[in-house]
1. Kindly list, by first and then second residue, each pair from a residue in the stretch 327-341 that is more than 20 Å from Leu400 (Cα to Cα) to a residue that is in a strand (DSSP E or B) and of a type in the set (Asp, Glu), limited to pairs with Cβ atoms under 7 Å and residues at least 6 apart or on different chains.
2. Applying the selection to the stretch 283-311, what residues are open to solvent by 40 Å² or more (accessible area, probe 1.4 Å) and in contact with a Pro (Cβ under 9 Å, 6 or more places away or on another chain)?
3. Please name all residue pairs, on different chains or six or more residues apart, with Cβ atoms under 9 Å, provided the first residue is in the stretch 133-145 and is in the same structural domain as Thr245 (by TED's automatic domain parsing) and within 15 Å of Leu336 (Cβ to Cβ) and the second residue is open to solvent by less than 30 Å² (accessible area, probe 1.4 Å) and among the basic types (Lys, Arg).
4. State all residues of the stretch 205-218 that are crowded, with 23+ Cβ neighbours inside 10 Å and either under 16 Å from Val165 (Cβ atoms) or within 13 Å of the ligand (Cβ to nearest atom) (or both); if no residue qualifies, say none.
5. Would you point out the residue of the stretch 1-38, among those that are open to solvent by 70 Å² or more (accessible area, probe 1.4 Å) and among the hydrophobic types (A, V, I, L, M, F, W, C), that is farthest from the chain's Cα centre (by Cα)?
6. Being outside any helix (DSSP H, G or I) and either open to solvent by 90 Å² or more (accessible area, probe 1.4 Å) or small (Gly, Ala, Ser) (or both) is the filter here, so list the residues in the stretch 371-395 that pass it.
7. Which residue, of Gly158, Gly125, Gly107, is of a type outside the set (Val, Ile, Thr) and surrounded by fewer than 22 Cβ atoms within 10 Å (Cβ to Cβ)?
8. All but one of (1) open to solvent by 10 Å² or more (accessible area, probe 1.4 Å); (2) in contact (Cβ under 8 Å) with a residue 24 or more places away in the chain; (3) more than 16 Å from the ligand (Cβ to nearest atom) hold for Glu232, so report the exception by its number.
Amino acid sequence: MSPFNLETCARPNILALEPYRCARDDYKDDGTNVLLDANENAYGPPLPPSITGLIQPQSGLGPVIDLPGLNRYPDPHQVPLKQLLCNLRQTHVHTQKKLSPANLFVGVGSDEAIDALIRAFCRPGQDKILVCPPTYGMYSVSAQVNDVSLVKIPLLPGPDFQLDVPSILSALSSPDASTIKLAYFCSPGNPTGSLLSKSSIGSILAHPTWNGVVVVDEAYIDFAPDSASLAEWVVEFPNLVVMQTLSKAFGLAGIRLGAAFTSPEIARLLNALKAPYNVNNITSAIAEYALSPAGLEVMRANKAALLEQRDRLLREMPTIPGVGKLMGGTESNFLLYEMLNKDGQPDNAVALAVYEGLAETKGVVVRFRGKEHGCLGCLRITVGTEDEVTRFLEAIKKQLEQVRGVDARSDEEEKEKAASAVVA
Ligand SMILES: *Cc1c(COP(=O)(O)O)cnc(C)c1O
């Protein structure tokens with residue numbers, strides 16, 4: 001049983017915050033009230049005529065976005081949106097207990113949740129977070145912004161990229177473990193594409209002495225097998241946060257909507273420290289549509305099309321000379337592949353030359369990840385549409401021929417570039 005105690009783990013100044021309340025919490029707006037409480041402009045916004053069509057009910061689906069209603073402040077609580085997120089993740093596979101909107105924080109992408117957690121728990125200049133490289137870059141960016149340092153426990157080597165549970169447990173038992181407030185795990189991992197095992201997360205949640213919070217970032221969970229999400233586990237464990245986003249499988253990176261499932265107590269802290277109107281009216285309207293039955297149907301169809309292209313890449317990449325092992329898993333909308341030199345070894349100079357050549361001469365942009373821990377010579381390739389994948393496959397085949405033809409190993413300039421490449 002974890003000794004987790006929110007009162008001693010979170011920062012006292014954050015624990016003391018009162019959740020934001022507005023006059024509309026006391027006097028529900030049924031649409032008939034005269035709203036003179038929030039200094040809004042009752043005459044409404046200037047709107048370009050070409051988009052006013054969006055306010056019309058669309059083919060029986062009801063108004064998608066209330067554009068004239070943009071003169072009003074957004075709902076600071078977003079309960080209907082939170083309920084839809086609960087409905088999506090309540091599978092009863094991991095627990096019989098019920099998720100409710102009180103278990104949720106919603107924000108400007110999951111990047112807001114990543115940062116809000118650090119601000120809620122970590123004292124600048126004193127506390128730390130634990131991360132497992134190779135992993136998502138925003139954990140360390142947010143830590144640095146907040147003057148919080150990192151404890152790094154690398155993942156086990158690829159292509160499995162699972163958690164090194166014994167090393168994590170021992171780091172969380174070390175003399176200064178009381179300053180490690182949060183442990184960020186990415187599942188499925190970026191850039192690894194590997195789903196972390198439920199038992200490894202479970203054993204960290206059950207650490208016998210560590211008073212801290214386990215954060216599982218499930219940005220890619222919809223590309224993993226059904227019911228893989230641990231979101232509903234937050235009703236079983238008081239020290240768990242599961243982050244999700246509409247940026248990936250839902251195709252809504254542009255609206256900036258992320259969510260954190262957690263205990264009502266931690267959710268209350270995150271909701272108290274956020275800017276009151278962090279989720280805007282346009283974002284919540286589109287998000288609610290995306291999470292409706294009609295929206296989910298579109299998401300699942302698009303996901304199926306992506307998974308088909310992912311399978312095609314898995315079939316075709318190994319047939320291209322110079323493409324090495326698939327490093328990592330397939331539970332995501334990207335794949336991590338090694339680029340090989342003429343000796344058949346993964347090679348950062350080759351990977352970097354392929355990356356640059358693809359972008360500069362073929363108009364195909366992928367991501368060089370060769371400087372990440374355990375990712376020597378790797379490119380991360382996002383799965384695109386059928387036409388995009390066709391174009392990518394042709395381009396990388398030619399590019400590898402070209403690069404390996406001139407033998408990147410002897411090219412000192414490329415080596416230097418690889419050595420100094422910015423890791424982001
Ligand atoms: C893309 C991504 C996110 C998404 O961040 P948003 O702010 O929600 O767009 C979060 N975590 C990981 C690991 C990601 O790759």
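The values are calculated or read from the model by the stated rules, or taken from the named source; none is laboratory data. Treat the numbers as computed from the prediction; the structure is a model and nothing was measured. Backbone-built Cβ (ideal geometry, glycine too); neighbour counts: all protein chains shown. We work out accessible area using only protein heavy atoms, side chains counted, and drop any ligands, DNA or RNA first. Shrake-Rupley method; radii C 1.70, N 1.55, O 1.52, S 1.80 Å.
1. Pairs that qualify, where the first residue is more than 20 Å from Leu400 (Cα to Cα) and the partner is in a strand (DSSP E or B) and of a type in the set (Asp, Glu): there are none.
2. The one that is open to solvent by 40 Å² or more (accessible area, probe 1.4 Å) and in contact with a Pro (Cβ under 9 Å, 6 or more places away or on another chain): Glu288.
3. Filtered contacts from the stretch 133-145: Pro134/Arg369.
4. Restricting attention to the stretch 205-218, the residues satisfying the condition of being crowded, with 23+ Cβ neighbours inside 10 Å are 210, 212-218.
Residues satisfying the conditions are Trp210, Gly212, Val214, Val215, Val216, Asp217, Glu218.
5. So, considering only residues that are open to solvent by 70 Å² or more (accessible area, probe 1.4 Å) and among the hydrophobic types (A, V, I, L, M, F, W, C), the one farthest from the chain's Cα centre (by Cα) is Val34.
6. The first filter runs over the stretch 371-395 and keeps only residues outside any helix (DSSP H, G or I), leaving 371-385.
Of everything in the stretch 371-395, those that are outside any helix (DSSP H, G or I) and either open to solvent by 90 Å² or more (accessible area, probe 1.4 Å) or small (Gly, Ala, Ser) (or both) turn out to be His373, Gly374, Leu376, Gly377, Gly384.
7. Values: Gly158 fails: surrounded by fewer than 22 Cβ atoms within 10 Å (Cβ to Cβ); Gly107 fails: surrounded by fewer than 22 Cβ atoms within 10 Å (Cβ to Cβ).
None of the other options fit; the residue is Gly125.
8. The number of the failed condition is (1).
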